[in-house]
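The values are calculated or read from the model by the stated rules, or taken from the named source; none is laboratory data. Only a predicted model underlies this, so the values are computations on that prediction, with no experimental measurement involved. Cβ sites come from the backbone with ideal geometry, for glycine too, and all protein chains shown count toward neighbours.
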Ligand code: PGA
């Protein structure tokens, strides 16, 4: 399966590089809603368009919201749901996130569900115990966020999970880096958890949190890590180039 690299601009406007030849990896750019159309028109067909959020209904009296169908009509193929910044600043609950995941899958779009523990517990001294705490936290998120999702109703290959330890996110986290081996262990655990819920699963699990041109290969060298969700580095053309070129070599 191809690795996916998702560039999340968050609430920023940036320039993207021109990519005309690309069969090795899947590249997705997620600009703010207001720039979806413009970015789509400037991208080559080798790059896919993604949104950073959506609502769970397709139309109605929901002031300020945007539906999956509206996004689809704009050419969006991927929707990020449950990003930790939305959980934190907008008080998005697991119940809301579950409705969004459902709505995105119903619209036959790909959903990128973000999960991850908020902090490292200062009272937990050793790595094993930290990881065990993270696993329990993420397991609960997955159970709630995917509560109403069944493999008999949806193409589960449209479900992509991004493991993003919140403390490792460059701008909203603590500045600490997640060790690639720890990310790998968490991603294997997420795969197992999903496998036990959906009997057939060929979905990709990505890593996100301070990924840049320097460290991306440390994560993507593992076959279990299906790609990366990149925030801060997606605003810098040099970083984007490095990331894309390195990923092509790895795959
Ligand atoms: P970062 O953001 O790459 O800046 O850490 C990742 C994310 O928030 O998805």
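All but one of (1) surrounded by fewer than 23 Cβ atoms within 10 Å (Cβ to Cβ); (2) more than 22 Å from residue 20 (Cα to Cα); (3) more than 10 Å from the ligand (Cβ to nearest atom) hold for residue 244, so report the exception by its number.
(2)
In this structure, is residue 146 in contact (Cβ under 8 Å) with a residue 24 or more places away in the chain, within 25 Å of residue 49 (Cα to Cα), away from the ligand (no atom under 16 Å from the Cβ) and buried (at least 18 other Cβ atoms within 10 Å of the Cβ)?
Spelling it out, residue 146 is indeed in contact (Cβ under 8 Å) with a residue 24 or more places away in the chain, within 25 Å of residue 49 (Cα to Cα), away from the ligand (no atom under 16 Å from the Cβ) and buried (at least 18 other Cβ atoms within 10 Å of the Cβ).
Let me spell it out: the conditions are (1) more than 17 Å from the chain's Cα centre (by Cα); (2) surrounded by fewer than 19 Cβ atoms within 10 Å (Cβ to Cβ), and residue 107 meets all of them except one. Which number is the exception?
Result: residue 107 passes all but (2).
Sort out which residues of region 20-37 are touching a strand residue (DSSP E or B) at 6+ places or on another chain (Cβ under 7 Å) and under 13 Å from residue 5 (Cα atoms), and write them in order of number.
Selection gives 25, 26, 27, 28, 29, 30.
Kindly indicate the residue of region 100-118 that is assigned to a loop (DSSP other than H, G, I, E, B) and more than 20 Å from residue 189 (Cα to Cα) and also farthest from the ligand (Cβ to nearest atom) among those meeting that condition.
Applying the filter and picking the extreme gives 108.
Of everything in region 204-218, what is away from the ligand (no atom under 15 Å from the Cβ) and in contact with a helix residue (DSSP H, G or I) (Cβ under 6 Å, 6 or more places away or on another chain)? Give them in sequence order.
217
Could you check, for region 162-171, whether at least one of its residues is out of contact with any strand residue (DSSP E or B) (no Cβ under 6 Å at 6 or more places or on another chain), under 20 Å from residue 230 (Cβ atoms) and loosely packed, with under 14 Cβ neighbours inside 10 Å?
So far as region 162-171 goes, yes, one or more of its residues are out of contact with any strand residue (DSSP E or B) (no Cβ under 6 Å at 6 or more places or on another chain), under 20 Å from residue 230 (Cβ atoms) and loosely packed, with under 14 Cβ neighbours inside 10 Å.
Residue check, residue 138 against (1) in a helix (DSSP H, G or I); (2) under 17 Å from residue 112 (Cβ atoms); (3) out of contact with any helix residue (DSSP H, G or I) (no Cβ under 8 Å at 6 or more places or on another chain), all met but one. Which one?
Tallying (1) in a helix (DSSP H, G or I); (2) under 17 Å from residue 112 (Cβ atoms); (3) out of contact with any helix residue (DSSP H, G or I) (no Cβ under 8 Å at 6 or more places or on another chain), residue 138 fails exactly one: (3).
When region 70-84 is examined, which residues are found to be over 14 Å from residue 100 (Cα atoms) and buried (at least 20 other Cβ atoms within 10 Å of the Cβ)?
Across region 70-84, the qualifying residues are 76, 84.
So which of 176, 188, 237, 221 is surrounded by fewer than 17 Cβ atoms within 10 Å (Cβ to Cβ) and within 15 Å of the ligand (Cβ to nearest atom)?
176
Residue 130 is checked against (1) at pLDDT 95 or above; (2) surrounded by 15 or more Cβ atoms within 10 Å (Cβ to Cβ) and fails just one. What number does that condition carry?
It fails just one condition, (1).
Answer yes or no: is there a residue in region 112-126 that is touching a residue at least 40 places away in the same chain (Cβ under 8 Å), within 26 Å of residue 183 (Cα to Cα) and more than 17 Å from the chain's Cα centre (by Cα).
Yes, region 112-126 contains at least one residue that is touching a residue at least 40 places away in the same chain (Cβ under 8 Å), within 26 Å of residue 183 (Cα to Cα) and more than 17 Å from the chain's Cα centre (by Cα).
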